[in-house]
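Trainee: Let me begin by handing over the structure; questions about it come next.
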Amino acid sequence: MASVSVPGERGRWLTRRPASTTGFWSWITTVDHKRIGILYGVTAFAFFLIGGSEALFIRLQLARPDQNLISAETYNEFFTMHGVTMIFLVVMPLSSAFFNYLIPLQIGARDVAFPRLNAYSYWVFLFGGLFIYSSFALGGAPNGGWFGYAPLSTAEAGNNMLFYATGLIIVGVASTVSAINLAVTIINMRAPGMTMFRMPVFIWMGLVVQFLLAFSLPIITVGLFEMLFDKRFGTHFFDPAAGGDPVLWQHLFWLFGHPEVYILILPAMGIVSEVLPVFARKPLFGYQFVVFSGIAIGFIGFGVWAHHMFAVGLGPVANTAFGISTMIIAVPTGVKIFNWLGTLWKGDIRFTPPMLFSIGFIAQFIVGGLSGVTHAVVPADYQQTDTYYIVAHFHYVLVGGAIFGLFAGIYYWWPKIFGRMLPDRWGKVNFWILAIGFNLTFAPMHVLGLQGMPRRIHSYPESLGLTFWNTAATLGAFIIALGVLQFLIMAISSFMRPKDAPADPWDARTLEWTTGSPPPPHNFDEIPEVHALDDFWHRKYAETKTGRVVPVPAGGADQAVPGGVHATRGEREMEHEPHGIHMPGPSYWPFVSALGFPLIGYGVVFSPWPIVAGAAIVLIGLYGWALEPSAE
Amino acid sequence: MSDVETHETDLTGQEAYAARTRRGRTVRHPSPKEYIRIAIVLGVVTAAEVAIYYIESLRSLLIPMLFVLATIKFSLVVLWFMHLRFDSKTYARFFLLGVSGAVTLYVIVLLTFGAFSR
Amino acid sequence: MAALDQHIFESEHEATSTGLPNTKLAMWIFLASDCLLFGALISTYVLYRGASIKGPYPSDVFDIPYTSVSSFVLLASSLTMVLALAAIQRGDQGQMRVWLLATALLGATFVGGQVYEFTTFADEGLTLTTNLFSTTFYVLTGFHGTHVAIGILMLLSLLVMSFTGKITQQNSLSVELVGLYWHFVDIVWIVIFTIVYLIPTGPGPT
């Protein structure tokens, strides 16, 4: 077992780097991508519970006609924050959790390109999320919808949408910085022999997502600044009285907003592309097609944004162009679906929880995708837009798709991350509860939408005949809640069991399964050398002339070595790291520097002085970071 | 450099990987004199831009000519000062992705507003 | 050193899959993303060109000769920046410091010039909230000016690093990175100067 060291030079008192890797403070100062991944995951799940609670309030309020369980003002805050939370504080960070944890492991690296920057992204995200939520106690939470259309968002009095604009700018910084970090990691830190086309599909989807983030976030950042300036300083970006045009906001928002939905779904698609081959004991069908489709979705995803604006009055030329581009994007998506089905076809299928969630993903995503294609037909969309039909569509792809895909990932990688298995039978029960609850909640919304139920309404009269399906949907929502609660209990109970999961419990294909469960801090005792796609699988199994898969003797299929299955390598290889493995040392500067952002945020909303203090903290933090003794 | 190349064939994949650019390399750069020449061209082009602005008889050609001149300046700085002409094509590809993406998207947005037909 | 074909030692860096340093790759991706940022601000300006309901209008306040001088200053600063990099890649620490300082001073002159320009405009009745022109103009140039100011901070930091021995011929990547950022800020100004100042805008909604 190689020795791991953080170099001795600790610096003088002020710039002394922390060194501990255990205890509470070690989590504050960690730069280990695995710990940062866990931090993202736990935080995202906490926000999931909050966002889910907001949904339950919405569903309770809408369960029967003409109710006033919560006031209309509160209702506006809840549905706005439900959207903001689920998108920015749940699905994105949960995807980040998986990217952070798995990217270095799957490409055979020891950490990401910029470990402290990685920590910084997490802390800025956390503080940004807390900042937005503090608005509930400081005058009212954002209430103009998650899409914040002007001039409602800019002209209405109150700080609610200032928290929205400022808070989203802050979490946007976190995501942009992380995107650049992970993109460089994937491009530049792959193990020897891992060419781009030997990377797992999950990594490819990760690469596309980082570029989508890097190129779409600046657009909404400008929009948010313009909204902020209009509200705080009285500029006229979206002010019709001065000649401004609120439609500009919609363009800037959706130029980001549409790539954003692919940012939300591609990670889950990547997860499913990893899980299906393992539990079908077959390689992914059409690997190159799946990769290229992901790239195509990324590109075309930038060309469809105005399909969210068909009813705004852009005119027939624009509407037609975007209707066509929207139909075109269904093609690469369909290609992926057929390739997943091809993976399952004639496979040796094991219906484990990750497999169930992945199959659920495919089925439900197809439903959501089909309703999406109906939106692309512009005249049909005139009927559908701003109704519950749209709500049905995006929940099918985002919950039935993304959330189910992420749950597949949670079940699949739980043993790797926490060293314990989640119980198989209860996991299957969990899948069915969530699947039944989900479909009962959102399938009826297709009907409600076509019956004319508008979005974002606080209540509806009995006479519209919308009651039955609304009540059904509310019942479904509580079944989902039951499923989430069951999952929580299962997850917490798993920690009461010993950490005895093997390195490769699923007989999987990718590099993270070659090292311990959980991996040691340095990931691999020796950086692997990769010879093929699914290199680990090929080391375990070979194909006979008749195509039968047989285990390779001493290929590591039944060896669980804590530092990795490359133990057969000799001393010569150890010469590359003769002084032991140097890992980046912990640091508190990312945490310190991130603290400046919420201060700046409060300054923007309330009074200018915290801006100065916040900016100073950011700067001091950055300088401390730049000047602390190097750890490599 | 040839020293390293022959040696690399003896190395395993890992070792060759480690040797590649762990040390710095020598590359072709423009000389300070070349940079100064580029700067002078930039100055001249800027002067031309301002001159065209003032010449009334060229008013109808103003926008296309300004566009051409600005593009020349942009390219000179990017290719020479930012060294893209001599560096790995990877950098150029990413930057071009950003520039062309920005131009395309925003031109489309402005078109939907009819901004070019006013 | 007088040879046209300079072979200059480039910085050491960690071994990577592409052979390119992580930080330089990161900087180029960042600059690509910054194009989207400035593109949005410039498009907002272009969209609202000529749409202000009341004045002052651009032709009322712009002083083209003044801003042209500002543009020359910023272009010159790109030259001094690349000369600083060339110096350290030759191993000339002293020359690098001179050129870095010159770049910072030229950048500060540019920002100072803009501050003076804005106060003049404000005296002539063009403040942030006056009309659409003021809104889009000040926010666009303000974002750019902030980028320049951050650049100046980074240049001064490089100077300090030079005096504390952190920059050497083998280890000059940070100078190169700040240079890339600085040149980017310059090319954004090239676009802004052309579109905002040199393309004339008449008064009122057209």
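Trainee: Run the Debye formula on the Cα coordinates of the range A:90-248, all scatterers equal and no solvent, and tell me log10 I(q)/I(0) at q = 0.08, 0.20 1/Å.
Mentor: -0.31, -1.15
Trainee: Also, I was wondering about something else. Which entries of A:LYS540/C:LYS24; A:LYS282/B:LYS89; B:LYS33/B:LYS73; A:LYS336/A:LYS499 have Cα-Cα distances beyond 28 Å here?
Mentor: On the way: A:LYS540/C:LYS24 38 Å; A:LYS282/B:LYS89 37 Å; B:LYS33/B:LYS73 18 Å; A:LYS336/A:LYS499 36 Å.
Table pairs above 28 Å Cα-Cα are A:LYS540/C:LYS24; A:LYS282/B:LYS89; A:LYS336/A:LYS499.
Trainee: In whole angstrom, how long is each semi-axis of the equivalent ellipsoid of the range A:19-73, when you take the square root of 5 times every eigenvalue of its Cα gyration tensor and sort them from largest down?
Mentor: On the way: eigenvalues 340, 18, 9 Å².
After scaling each eigenvalue by five and taking roots: 41, 10, 7 Å.
Trainee: Using the alpha-carbon centroid of each, what span in Å lies between the range C:163-186 and the range B:63-101?
Mentor: 20
Trainee: Can I ask one more? Send over the Kirkwood Rh of the protein assembly as shown, from the inverse of the averaged 1/r over different Cα pairs, rounded to one decimal Å.
Mentor: On the way: mean 1/r = 0.0336 Å⁻¹.
When all Cα pairs of the protein assembly as shown are included, the Kirkwood radius is 29.7 Å.
Trainee: Using only Cα atoms, tell me the angle between helix A:115-134 and the longest principal axis of chain A; keep it within 0 to 90° and round to the nearest 10.
Mentor: 30
Trainee: Who wins for biggest fluctuation among C:LEU75, C:LEU153, C:LEU20 in a Gaussian network model of chain C, springs between alpha carbons below 10 Å?
Mentor: Comparing C:LEU75, C:LEU153, C:LEU20 in a Gaussian network model of chain C, the most mobile one is C:LEU20.
Trainee: So for the pair B:VAL103, C:LYS166, with labels modelled 7 Å out along Cα→Cβ, what separation do we get in nm?
Mentor: Spacing of the two 7 Å Cα→Cβ label points: 3.8 nm.
Trainee: Mind checking A:226-239 for the average number of partner chain beta-carbons within 10 Å of each residue's beta-carbon?
Mentor: Values: counts 6, 0, 0, 6, 2, 0, 0, 5, 4, 10, 13, 7, 0, 3.
Whole-number average of other-chain Cβ neighbours for A:226-239 is 4.
Trainee: 7 Å from Cα along Cα→Cβ at both A:ASP424 and B:ILE72: what's the point-to-point distance in nm?
Mentor: Taking the two extended label points, one gets 7.4 nm.
Trainee: Measuring from centroid to centroid over Cα atoms, what is the spacing of the range C:79-118 and the range A:450-498 in Å?
Mentor: The range C:79-118 and the range A:450-498 have Cα centres spaced 61 Å from each other.
Trainee: With an 8 Å Cα cut-off and a minimum separation of 6 or more residues, compute the relative contact order for chain A in percent.
Mentor: On the way: 1072 pairs, mean separation 127.1, N = 632.
The normalised contact order for chain A reaches 20 percent.
Trainee: If packing is taken as the mean number of other Cβ atoms within 10 Å per residue, what is the order of A:403-410, A:316-323, A:239-246, A:276-283, highest first? Show your work: numbers first, answer last.
Mentor: Values: A:403-410: 26.8, A:316-323: 16.8, A:239-246: 18.5, A:276-283: 21.1.
Taking the mean over residues of other Cβ atoms within 10 Å, the ranking is A:403-410, A:276-283, A:239-246, A:316-323.
Trainee: Relative to the longest principal axis of chain A, what angle (0 to 90°, nearest 10) does the C-alpha long axis of helix A:72-84 take?
Mentor: Result, in degrees: 30.
Trainee: If you line up the long axis of helix C:22-47 against the longest principal axis of chain C, both from Cα atoms, how many degrees apart are they, to the nearest 10?
Mentor: Approximately 10 degrees, to the nearest 10.
Trainee: Using label points projected 7 Å from each Cα along Cα→Cβ, tell me how many nm separate A:VAL373 and B:ARG93, to one decimal.
Mentor: 3.2
Trainee: Report, in debye and to the nearest 20, how large the dipole of the range A:295-449 comes out about its Cα centre when Lys and Arg carry +1 and Asp and Glu carry -1 on their Cβ.
Mentor: Values: 7 positive and 4 negative charges, 126 e Å.
It works out to roughly 600 debye.
Trainee: What are the principal axis extents of the Cα atoms in the range B:45-90, in Å, biggest first?
Mentor: 44, 16, 7
Trainee: Ignoring everything except DSSP H segments at least 4 long, calculate the 222 nm mean residue ellipticity for chain C; use -39,500 (n - 2.57) per segment, divide by total residues, nearest 500.
Mentor: Value at 222 nm, helices only: -24000 deg cm²/dmol.
Trainee: Assuming R0 = 25 Å, can you tell me the calculated FRET efficiency for the pair A:ARG455 and A:LEU60, based on Cβ-Cβ distance, to the nearest 0.05? Walk me through the numbers on the way to the answer.
Mentor: Details: r = 17 Å, r/R0 = 0.70.
E between A:ARG455 and A:LEU60, to the nearest 0.05, is 0.90.
Trainee: Of the peptides A:193-200, A:412-419, A:613-620, how do they stack up when ordered by the mean number of other Cβ atoms within 10 Å, highest first? Write down the numbers at each step before the final one.
Mentor: Numbers: A:193-200: 17.5, A:412-419: 22.4, A:613-620: 15.9.
In descending order of packing, they fall as A:412-419, A:193-200, A:613-620.
Trainee: Also: Just checking the output field for A:186-195: average partner chain Cβ neighbours within 10 Å of each residue's Cβ? Please list the in-between numbers first.
Mentor: On the way: counts 1, 10, 12, 6, 4, 4, 10, 3, 1, 1.
Across the residues of A:186-195, the mean count of other-chain Cβ atoms within 10 Å is 5.
Trainee: I've got another one for you. Ranked from highest to lowest mean number of other Cβ atoms within 10 Å per residue, what is the order of the peptides A:439-450, A:327-338?
Mentor: Values: A:439-450: 21.0, A:327-338: 17.5.
Final packing ranking: A:439-450, A:327-338.
Trainee: Under the definition of partner shielding as Cβ atoms of other protein chains within 10 Å of a residue Cβ, what is the mean value for peptide C:184-194? Let's see the in-between values first.
Mentor: Values: counts 4, 0, 7, 10, 1, 1, 12, 4, 1, 6, 11.
Across C:184-194, the average partner-chain Cβ count within 10 Å equals 5.
Since every read-out is calculated from the coordinates, none of them should be taken as a lab result. Quantities reported herein were computed from a predicted structural model and do not represent experimental measurements. Ideal geometry is used to build each Cβ from the backbone, glycine not excepted, and the neighbour counts take in all protein chains shown.
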